[in-house]
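Trainee: To start, I am sharing the structure in question, which I have written as structure tokens.
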Amino acid sequence: MTAVDGVRPDDGTRGAAPTPLRVALLGCGVVGSQVARLLREQHDDLAARVGAPLDLVGIAVRDVDVPREGVDPALLTTDAEGLVARADIVVEVIGGLEPARSLLLRAIGCGASVVTANKALLAEDGPTLYAAADAAGVDVYFEAAVAGAIPIVRPVRESLAGDRVRRIVGIVNGTTNYVLDQMATERLDLDAAVAQAQALGYAEADPTADVEGYDAAAKAAILASLAFHMRVPLEDVHREGITAITAEDVTWAASTGHVVKLLAIAERTDDGVSVRVHPALVPTTHPLSGVRGAFNAVFVEAESAGELMFYGRGAGGAPTASAVLGDVVSAARNRVLGGRGPVESSYADLPVLPASAALTRYQVRIDVVDRPGVLAQVAAALADHGVSIEAVRQSLAAGPGDAEVAHLVMTTHSATDAALAATVEAVAGLDAVLAVRSVLRVEGN
């Protein structure tokens, strides 16, 4: 018998020590340093779980002279290409498209299985990695790419493989969840809440990827691709961030029994698949409403399994490293036993629908002149565009001069984005309407 993909078959020497598997680490930042620590501290336990020792043979970094607490300097190298060429398993936690993509493709070409936490790369060019791995007969694992420590990739990709997922709704960005939570509980405005998140290390110096929804959109593309067995390009994910959310929006949400969350939503309908990221009002009765601080949660609805919720820390060095190490163990076991993990499932030929076709309830806040007949005019404008009112609240406020202003908060029945946009435009054009204060979707029952 011969060895295949690092496997050492039974040749009558069962008593011999198993050959160690060589692990290469790309990146030694917040997550990478924790991966190195866990590989060192749990070396014996991991060897027992895998069936062979996992030896960290090198860590690729930009500058080997930067002090890294708890990391053996002898492991550091700037020769990333040389490192991946001599590894059995390559762990990538540097992020971004390049050089991560080239290094992972080189690793796969050299016969290594890869583990990555790089959601941007997977959302942008995952199929290229999957195809290369299939050709080489190696694994690609990426549990840490979607929601930190939360095990969501494996349940969707494997545990629910025999079911039909209808909908996924998730809070998948800890920074924005922390910001919105602080706005609700501490009455901060957006800028102050973002500054606080930066001070605590939850947000980068440039928080654009988080607050504009880019990070969540990449994760939504990955989840949708897994759930619906198709390739969902990142450019097909509708994206809205939280930069337009005001302290007033958050206060009004609470008064109507809601909280504001940035949601990643992927749902399958009779017409195709809708994937979108946007802020939404979540009723306080829904499990997602109670997700506080920098935590994440993903709510999955499947035909047979029903409703499932996965909750936990969505970011941080140690939590994310935990997910990475789980993938390393899986990839290592496969090499020891001679098998492979799950491959890409992309057989479904479903159209990705535009956001304008998505059916959603809305809460619209407008200021109007307080006089008889105004509500009827507004209701007629909604009806003209096929949007019906589920509930309406009215309160009075002082206007300019002696005028009184009525503040209307209307919750609609389900309507398309296109119908709602046309309705808002029509309402804003009414003489009695002074301002459209906000338009927010309502998700959850």
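Trainee: Under a Cβ-only charge scheme (Lys and Arg +1, Asp and Glu -1), can you give me the dipole magnitude of the chain about the Cα centre, in debye to the nearest 20?
Mentor: Rounded to the nearest 20 debye, it is 980 debye.
Trainee: For the chain, what is the mean residue ellipticity at 222 nm derived from helices alone (per DSSP H run of n ≥ 4: -39500 (n - 2.57); sum divided by total residues; nearest 500 deg cm²/dmol)?
Mentor: Calculated at 222 nm, the ellipticity per residue is -10500 deg cm²/dmol.
Trainee: Let me ask you something else. Got a sec? What order do 327, 271 fall in by accessible area at 1.4 Å, biggest, i.e. largest, first? If you can, show how the numbers build up before the last one.
Mentor: Details: 327 0, 271 115 Å².
Largest to smallest exposure gives the sequence 271, 327.
Trainee: Can you find, among 345, 382, 220, the residue sitting farthest towards the positive end of the charge dipole of the chain, where Lys and Arg contribute +1 and Asp and Glu -1 at Cβ?
Mentor: Value: 345.
Trainee: Compute the signed sum of charges (Lys and Arg +1, Asp and Glu -1) over the other residues within less than 13 Å, Cβ to Cβ, of residue 141.
Mentor: -1
Trainee: Sticking with this one: With a 10 Å cut-off between alpha carbons and a GNM built on the chain, which of 426, 323, 197 moves the most?
Mentor: So, out of 426, 323, 197, the one fluctuating most is 426.
Trainee: Next question. Positive end of the charge dipole of the range 53-168 (Lys, Arg +1 and Asp, Glu -1 on Cβ, about the Cα centre): tell me which of 111, 58, 136 has its Cα farthest that way.
Mentor: 136
Trainee: Okay, moving on. Under the rule that an exposed site lies in a DSSP loop and has at most 12 other Cβ atoms within 10 Å, name the longest stretch of the chain with no GluC sites (Glu not before Pro) of that kind, not counting the sites themselves.
Mentor: 304-445
Trainee: What's the center-to-center distance, using Cα atoms, between the range 268-297 and the range 143-215 in Å?
Mentor: 11 Å
Trainee: Run the numbers on the chain and let me know its relative contact order in percent, using alpha-carbon pairs under 8 Å that are six or more apart.
Mentor: 16 percent
Trainee: Can you give the net charge of the other residues whose Cβ lies under 10 Å from the Cβ of residue 23, counting K and R as +1 and D and E as -1?
Mentor: Its environment carries a net charge of -1.
Trainee: Is the shape of the range 90-195 rounded, prolate or oblate, going by the alpha carbon gyration tensor and its root eigenvalues a ≥ b ≥ c, with a/c under 1.5 for rounded and a/b larger than b/c for prolate?
Mentor: Since a/c reaches 1.5 but b/c is at least a/b, the shape of the range 90-195 is classed as oblate.
Trainee: Let me ask another. On each of the three principal axes of the Cα atoms of the chain, give max minus min coordinate, whole Å, ordered largest first.
Mentor: Between the extreme Cα coordinates on each principal axis of the chain lie 92, 47, 33 Å.
Trainee: For the chain, give the percent of accessible area contributed by carbon and sulfur heavy atoms, probe 1.4 Å, rounded to a whole number.
Mentor: Its accessible area is 51 percent carbon and sulfur atoms.
Trainee: Ok, one more. Residue separation times 0.36 nm, minus the C-alpha to C-alpha distance between residue 185 and residue 369: what's the value? All intermediate terms of the calculation are to be shown ahead of the outcome.
Mentor: Details: separation 184, 0.36 × 184 = 66.24 nm, distance 3.21 nm.
Computed gain between residue 185 and residue 369 is 63.0 nm.
Trainee: Pick out which of 216, 247, 16 has the largest mean-square fluctuation in a Gaussian network model of the chain, springs linking Cα atoms closer than 10 Å.
Mentor: Answer for the Gaussian network model of the chain: 16.
Trainee: Then there's this: For the chain, set up a GNM with springs between Cα atoms under 10 Å and report which of 253, 47, 74 has the largest fluctuation.
Mentor: 74
Trainee: Can you tell me, using C-alpha contacts under 8 Å and at least 6 residues apart, the relative contact order of the range 217-335 as a whole percent?
Mentor: Result for the range 217-335 is 18 percent.
The values are calculated or read from the model by the stated rules, or taken from the named source; none is laboratory data. Only a predicted model underlies this, so the values are computations on that prediction, with no experimental measurement involved. Here Cβ is always computed from backbone atoms with ideal geometry, including for glycine, and neighbour counts include all displayed protein chains. In case anyone asks, the SASA skips ligands and DNA or RNA and just uses the protein heavy atoms, side chains included. Shrake-Rupley method; radii C 1.70, N 1.55, O 1.52, S 1.80 Å.
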